[in-house]
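Take a look at the structure below.
Derivation of every value follows stated rules applied to the coordinates shown; laboratory data play no part. What you are looking at is a predicted structure, and each value in this text was computed from that prediction instead of being measured. Positions of Cβ are generated from backbone atoms using ideal geometry, with glycine treated the same way; all protein chains shown enter the neighbour counts.
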Amino acid sequence: MTRLLLVVGVASALGGLFLFGLLRGRPDRDIPSNLIGRQAPEFTLPLHSSYRSSYGETFSLGANAGRPMIINFWASWCAPCYQEAPELATAWRERGTEVLFVGIQTQDRGRHAEGLEFINRFGLGFPNVIDDASLVSIDYGLFGVPETFFVNAAGVVTYRHIGPVSSAVLEAQIGALIR
């Protein structure tokens, strides 16, 4: 009986420490990125089929240099991605002439049909590419999806947002990019 109480006590203490660590830690959105102030990693990825008539077979970051960009990583299975998609669609419609939006479907290998369904559901008119091997998400240091990177016209990452991006964050960061 004493041994059981000792095991329960130790397990409770460890559980309490784990919970304490979770509750006192920084919010995910505050995780620093080593990309801030550095050039955005180059990529060339295949476009979803619905964008090919306007943009070609692939989208290259370098080929679009000189424009401020918003790079949003998402996946078709990601519930928070569904939450932010209307915000991105609205911001693109309102500010897409000032800032280039790019969506990257990642961590979603082979789910192209589901990706197109997601794109069509929210009317995402900005180019969306496929990162089946998730190599670009590794280059950007993703913790998960969604994550959004804001890149100035010089190609330097100025801000990283982890989690669903809001209209307030989009507006503030777009304002910073075009000043």
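Considering only DSSP states other than H, G, I, E and B, which chymotrypsin sites (Phe, Trp or Tyr not before Pro) in region 135-178 qualify as loop sites with at most 14 other Cβ atoms within 10 Å? Before the final figure, lay out the partial values.
Working: sites: TYR140, PHE143, PHE149, PHE150, TYR159; in loops: TYR140, PHE143.
Those satisfying the criteria are PHE143.
Length gain on complete extension for the stretch ASN64 to LEU135, per 0.36 nm per residue less the alpha carbon to alpha carbon distance? Intermediate values should be presented prior to the final figure.
Details: separation 71, 0.36 × 71 = 25.56 nm, distance 1.98 nm.
Here the segment from ASN64 to LEU135 would lengthen by 23.6 nm.
Within region 97-135, the GluC sites (Glu not before Pro) that combine a DSSP coil assignment with at most 16 other C-beta atoms in a 10 angstrom radius are GLU98.
Working out 0.36 nm times the residue gap between THR2 and TYR82, then minus their Cα-Cα distance, what length gain in nm do you get to one decimal?
Numbers: separation 80, 0.36 × 80 = 28.80 nm, distance 5.12 nm.
Value of the extension gain: 23.7 nm.
Modelled label positions at ALA113 and SER50, each set 7 Å beyond Cα in the direction of Cβ, lie 1.6 nm from each other.
Using 0.36 nm times the number of residues separating ILE36 and GLU171, minus their current alpha carbon distance, what extension gain do you get? Numbers along the way, then the final one.
Details: separation 135, 0.36 × 135 = 48.60 nm, distance 1.88 nm.
Result: 46.7 nm gained on full extension.
For region 72-122, applying the loop criterion from DSSP together with a ceiling of 14 other beta carbons within 10 Å to the chymotrypsin sites (Phe, Trp or Tyr not before Pro) yields TRP77.
Residues of region 150-172 falling in the label zone of THR90, defined by backbone nitrogen less than 12 Å from a point 7 Å along Cα to beta-carbon, are 166-171. Our note on the geometry: Cα centres of region 142-177 and region 58-132, 13 Å apart. Overall form of region 31-178: rounded. Here a/c, set by the Cα gyration tensor axes a ≥ b ≥ c, is under 1.5.
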